[in-house]
Amino acid sequence: MFQLPDFKLLKQLFAAVAALVMFLSGVIFPALPSFVPEPETPAVDTRVKMKLSESGASDYVIVRGAACSPSERLAAQTLHDHLLRIGGADIPVVTDTAPAQAREIIVGKTNREGALYTVDRAALGDEGLMIRAVGQKVVIAGGEKRGTLYGVYTFLEEVLGCHWYTADLIVIPAVEDIEVPVDLNIVQKPYFEYRETDWMSPRNITYSIANKQNGNIYRILSEEQGGNMGYAYGFAHTLTTLIMPPDKYFADHPEYYALGAETGVRSPNQLCLTNPDTLRIVIEEVREILRTHPDAQIVSLTQHDNGNYCVCDNCKAVDDYEGSHSGTMIRFVNAVADAIKDDYPNVAIDTFAYQYTRKPPKHVIPRDNVIVRLCSIECCFSHPLNDPACADNAAFCADLNGWKDICRRIYIWDYTTNYSHFLGPFPNFGVIQKNIRFFAENNVRGIYEEGNYMAASSNGEFAELRAYMLCKLLWDPYLDYDAVMNGFLKAYYGPGWQYVREYIDMTTSHTGTCGNHMGIGEKMTSKAVLKLKPNEIAYCDELWAKAAELADTPEYLKHVRMSELSWRYWKGCNRVREFSLLQPVEAWRGANEQLFNDYAAYGITRCSEGKLLATEPNLYAPPSAWR
C-alpha cells in the first residue's frame, strides 16, 4: 500500500542540508573585516579674510545696475535674502545711481566697472561668471542672462557654504560673522551650452538655478530666472508625433510615410525622407512653430522610437551611398535648416543619431545650424564609454569620433538608470564623471542625462544623489568628485554616511567584472549588475545596518531605508540572505512581504518604465515578478 512520505522528516532533513550549506559557505567565504570609517577632520581655512558683516551688523551695500537685466535684479535680491539668513545682516540693495562707497557688494553690470575692475562678458557668454574681491569690495558678475545669477549661487555655495542638495534639503549655515577671503577670485564658464537631467529635484526651479540646469524639458524659467536653453514645441520623436502626425496625413497620403524596413508596407510611425512633399510640409510646420514660438532656439526633427525606417528605392539608394541610415536623415534636416536659416539665424534644427541613424554618413555634412544628438542607448555603463577594453562601447566611440569630424554641434542623450528595474541597483557611479569628461573632450556642446524620470513613484535607490552629481558634473566635469559626493551623503544620510559611501564603492567595484557589461535593461540576476560572493553580500548588509543604526533623525533614517530598498530588491531577485530558499518558506516569504510593505510605506508604486507594482503580488515569487 502507498504510504505518504514523512514530511516532518523531510523538513528536518532539508533544514540539516541548508545548515550544512550555510556552514560550508562560511568556511569557504569567511566574514570580511568590518568597515571602519575614516576619522572626520574639519578643514581649516587659513586664508586672510575680510568681514562683510559682524554680529548681524554691516556697513556694506549691495549694488545692482539701475537698468540691470531682470535676472540680475533677482540675483541681487537673492544675495540679500541669503546674507540675512546666514549672518542676520540686512544689507540694503541700492542701484548704481547711489554714490560709490568703500564697502560694496557689486552684483551684475553697473557703472562701477572700469578703474578697479572689468568684466569680459564676451568671453563669459550668457552663463559665465566672475567673483572677485577688489580691495574692500566684492564683485559678482557675469553674463547678463544667467551668469550673474549663477554667480550669486556660486558665491553662496563655494564661499559661504550653502548647498541645494535636493529640492527640500537646503543647507544655509548660520554664522556670527560673514567673512570672505581677501584674495577671492573665481571665474567659471560652462563646458556645455545645454545641460539637462530629470529625476525629481531638477524639476524644482530654485534647485535648477542653484545647480545650473538650463534645459526646458522639466522646468520653464522666466526671464527673471534666467530663461532656458532648449527646445520649442517638442523634444524627442517629433517627426511623426508632432510635426506630421499620421492622423492628419496618412490616410490620404501614405507615400509621405516610410516603406517600413520592419513591416514591408507604408507605416505611420516613420517618414519617407526623400519624398519632396514630406520635406515641403515639414518646412511649413517648422516655420509655423517658429512663428508661434518667437524665442525658439532649437526645433527637434527626430525619428520615432523604432527601427521601421524607410526602404523605398530613393531612401535606400541614399543610405547605401552614405553607408548609414543617417544619410537620408542628415540630408533631410539640412534642407530644413537651409530653408529657415536666413529668417531665423539663431535657431538650430536638431536630429538624432540614434539606433539605426547612430553611425555617421560617409559624405553629407551637417549644416552649421544643425545639432546632431548622439544617443548611448546600446552602451555598457559598468565601464567608461571610452574604455578600450569594453567592446560594447567601442562602436559608440567610433561613431562619436566620426560625428565630431563632420558636425559642429554635437549633443548627447545619455542614460543613467535601469529602465526595466527602477527599484534595483544601477552601480554606475564609477563612470558618470569619466563619461561626461569624455564628452567635454570630444566637441560635445550639450547633454541630456536621462535617468528615472518616474522616480517620484519609484524612488528606491539613489535618485537624489545621482541627480545632484549629474547636475554638478554637467557644469564642471573636472570637479572634486569625492568631495562633492561625500558632502551630499553627509547631509542626506547623517552620521552613518560613510557606510553608505562604502556600499556605493563596494557595488561600483563589483559591477561589470569578468567580462560582463551592464546595459540599461539588465536583469537583476545578471552578473553584469553585481557579482558578489556570500561574504561580500553579508558585508553590504552590515553597512546598511550600521548606517541605519547611526541615523539619529527620522529624516536620515528614512533616506537610509529608502536607498537600502534597492539592495533588498537585488537580494530578493537573487534569492540570497533573508530571501534565501534554504530557509523555511515562512522566513523568505516573510522577507518578501516586508519588502512589499515597505514599498507601500514609502509611496513606491512603480517598478519599471512600463510597469506598475502589482497591488497583490505573488509573494512566493521574487520581487522582479511583482508587476
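The values are calculated or read from the model by the stated rules, or taken from the named source; none is laboratory data. All of these numbers come straight from a predicted model, not from anything done at the bench. Note that we place each Cβ from the backbone using ideal geometry, even for glycine, and neighbour counts take in every protein chain shown. Side chains included, ligands, DNA and RNA excluded: accessible areas come from the protein's heavy atoms. Shrake-Rupley method; radii C 1.70, N 1.55, O 1.52, S 1.80 Å.
Looking at Ile62 and the list (1) in contact (Cβ under 8 Å) with a residue 24 or more places away in the chain; (2) within 34 Å of the chain's Cα centre (by Cα); (3) within 15 Å of Phe155 (Cα to Cα), which single condition is not satisfied? Among (1) in contact (Cβ under 8 Å) with a residue 24 or more places away in the chain; (2) within 34 Å of the chain's Cα centre (by Cα); (3) within 15 Å of Phe155 (Cα to Cα), the lone unmet condition for Ile62 is (2).
Only one entry in Asp350, Asp313 is of a type in the set (D, E, K, R) and without any contact (Cβ under 8 Å) to a residue 24 or more places away in the chain, namely Asp313. Can you tell me which residue within segment 358-393, out of those that are in a loop (DSSP other than H, G, I, E, B) and among the charged types (D, E, K, R), is nearest to the chain's Cα centre (by Cα)? So, considering only residues that are in a loop (DSSP other than H, G, I, E, B) and among the charged types (D, E, K, R), the one nearest to the chain's Cα centre (by Cα) is Glu378. Residues in segment 411-429 that are within 13 Å of Ile377 (Cβ to Cβ) and aromatic (Phe, Trp, Tyr) were compared, and the one that is nearest to the chain's Cα centre (by Cα) is Tyr415.
Here's the yes/no breakdown for (1) open to solvent by 30 Å² or more (accessible area, probe 1.4 Å); (2) under 16 Å from Phe35 (Cβ atoms); (3) aliphatic (A, V, I, L, M); (4) touching a residue at least 60 places away in the same chain (Cβ under 8 Å):
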| residue | (1), (2), (3), (4) |
| --- | --- |
| Tyr453 | yes, no, no, yes |
| Asn459 | no, no, no, yes |
| Asp482 | yes, no, no, no |
| Gln498 | no, yes, no, yes |
| Asn516 | yes, no, no, yes |
| Ser526 | no, no, no, no |
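Reported count of residues in segment 190-211, each being open to solvent by 10 Å² or more (accessible area, probe 1.4 Å) and either at pLDDT below 95 or in contact with a strand residue (DSSP E or B) (Cβ under 8 Å, 6 or more places away or on another chain) (or both), is 2.
Taking the stated definitions as given, is Gln583 over 24 Å from the mean Cα position of the chain (by Cα) and not in a helix (DSSP H, G or I)? For Gln583, the condition - over 24 Å from the mean Cα position of the chain (by Cα) and not in a helix (DSSP H, G or I) - is met.
Go through the residues of segment 495-514 one by one and say whether even a single one is closer than 15 Å to Pro202 by Cα and not in a helix (DSSP H, G or I). Checked segment 495-514: no residue is closer than 15 Å to Pro202 by Cα and not in a helix (DSSP H, G or I). Of the strands (runs of 3 or more DSSP E) contained entirely in segment 45-106, those carrying at least 1 residues that are more than 21 Å from Leu184 (Cα to Cα) fall at 93-95. When each of Glu593, Glu549 is tested for being at pLDDT 95 or above, in contact with a Leu (Cβ under 6 Å, 6 or more places away or on another chain), in a helix (DSSP H, G or I) and open to solvent by 60 Å² or more (accessible area, probe 1.4 Å), the lone residue that passes is Glu593. Of the residues screened, Leu221 is one that is in contact (Cβ under 8 Å) with a residue 12 or more places away in the chain, buried (at least 17 other Cβ atoms within 10 Å of the Cβ), within 25 Å of Arg73 (Cβ to Cβ) and hydrophobic (A, V, I, L, M, F, W, C). Scanning segment 555-570 for any residue that is modelled with pLDDT of 95 or more, outside any loop (DSSP other than H, G, I, E, B), open to solvent by 60 Å² or more (accessible area, probe 1.4 Å) and on the phi > 0 side of the Ramachandran plot turns up nothing. Going through (1) touching a helix residue (DSSP H, G or I) at 6+ places or on another chain (Cβ under 7 Å); (2) crowded, with 23+ Cβ neighbours inside 10 Å; (3) outside any loop (DSSP other than H, G, I, E, B) one by one, Tyr411 falls short only on (1).
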